[in-house]
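Accompanying notes for the structure given below.
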Amino acid sequence: MKSGPSFPRGWISGNQNYEDMRKKLSLSIISHGHHVHVATLLQQLAKLDRSDFEVILTLNLPEPVALEALPYPVKLIQNATPKGFGANHNAAFLESTGDYFVILNPDIELLNDPFGPLLELAERDSLNICAPVIVDADGQVEDSARNFPTPYGLFKRLLCRLLGRPILPDTLRQDSDTVQPDWVAGMFVMVARANYERLGGFNDAYFLYFEDVEFGARARLAGCHILVCKRARVIHQAQRDSHRQLRFMWWHVQSAAKFFVSSAYLRVLIRRMAKAG
């Protein structure tokens, strides 16, 4: 994990003293010009009936942000130059103090408090990496929890999108409380601090896509359990940039190629072939 950025930053702590800032949860939010989404999410967090979290807000681009009168501590990081998804969250982790590190997209909308059920699940086993059920604005469950991709499977998904055909969701293991995918999308993930540190955080060689897939592969290889909590549900206001702009699509393809030749993916394949044999 690379060291954090060296530019100015500061705490805005509401009515709390600096000495009291160690919290149960550290929420890492990265904004890429999403100040409208950020403002909404910060206000939703302010309405939760809990005081056990801090927010580390990273501005990847210069933009206005209002942090006054929030009832929880916020640490602001202003990047001098834009960084990738993984590098930003790794830098935020170095500034965090919570027992659990939570990756949280700015375009997440809270229906209610998801942190209680997630914490309950995470505290059952220190190796649990937890996420809520993600739904779109229409209430349909998004495919944010999946099995590991294959080159053929990824090509098939891309072809279906180009042809406007439906993409069948992966068949995932589940029980009454959880869904058990190979990996979860990095829009909302709770990881125990010790686990994030042990895994080395995200691989910041990836700029924007597949960091979460590669992190999931390394986590699974290290014995972690990736679980989607059925009792926690949030809305994702999806941007789908990779489907609208060629530049994002190219980054997506580059990251996919990097993942498919990575040591993590190759080790996953070897382990599964050994089990199948």
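Remarks
- The residue that is modelled with the highest pLDDT, among those in region 237-277 that are under 18 Å from L208 (Cα atoms) and of a type in the set (K, R), is K258.
- Tallying residues that are in contact with a Gly (Cβ under 9 Å, 6 or more places away or on another chain) and of a type in the set (S, T, N, Q) within region 57-102 yields 2.
- Verdict on G84 being small (G, A, S), farther than 21 Å from E54 by Cβ, surrounded by 17 or more Cβ atoms within 10 Å (Cβ to Cβ) and in contact with a helix residue (DSSP H, G or I) (Cβ under 9 Å, 6 or more places away or on another chain): yes
- Annotation note: of K75, K83, the sole residue that is touching a residue at least 40 places away in the same chain (Cβ under 8 Å) and assigned to a strand (DSSP E or B) is K75.
- Exactly one residue out of P149, P181 is modelled with pLDDT of 95 or more, farther than 19 Å from L25 by Cβ and touching a helix residue (DSSP H, G or I) at 6+ places or on another chain (Cβ under 9 Å): that is P181.
- Odd one out for R231, checked against (1) under 19 Å from F85 (Cα atoms); (2) assigned to a strand (DSSP E or B): (1)
- For region 90-114, filtered to residues that are in a loop (DSSP other than H, G, I, E, B) and among the acidic types (D, E), the residue that is surrounded by the fewest Cβ atoms within 10 Å (Cβ to Cβ) is D113.
- Matching residues in region 145-160 - criterion: being touching a residue at least 60 places away in the same chain (Cβ under 8 Å) and surrounded by 13 or more Cβ atoms within 10 Å (Cβ to Cβ): A145, F148, P149, L154
- Scanning region 99-143 for residues being in contact with a helix residue (DSSP H, G or I) (Cβ under 9 Å, 6 or more places away or on another chain) and not charged (D, E, K, R) gives a total of 16.
- Flag for R267 being of a type outside the set (A, V, I, L, M), in contact with a helix residue (DSSP H, G or I) (Cβ under 7 Å, 6 or more places away or on another chain), closer than 29 Å to G116 by Cα and not in a loop (DSSP other than H, G, I, E, B): no
The values are calculated or read from the model by the stated rules, or taken from the named source; none is laboratory data. All of these numbers come straight from a predicted model, not from anything done at the bench. Positions of Cβ are backbone-derived with ideal geometry, glycine not excepted, and every protein chain shown enters the neighbour counts.
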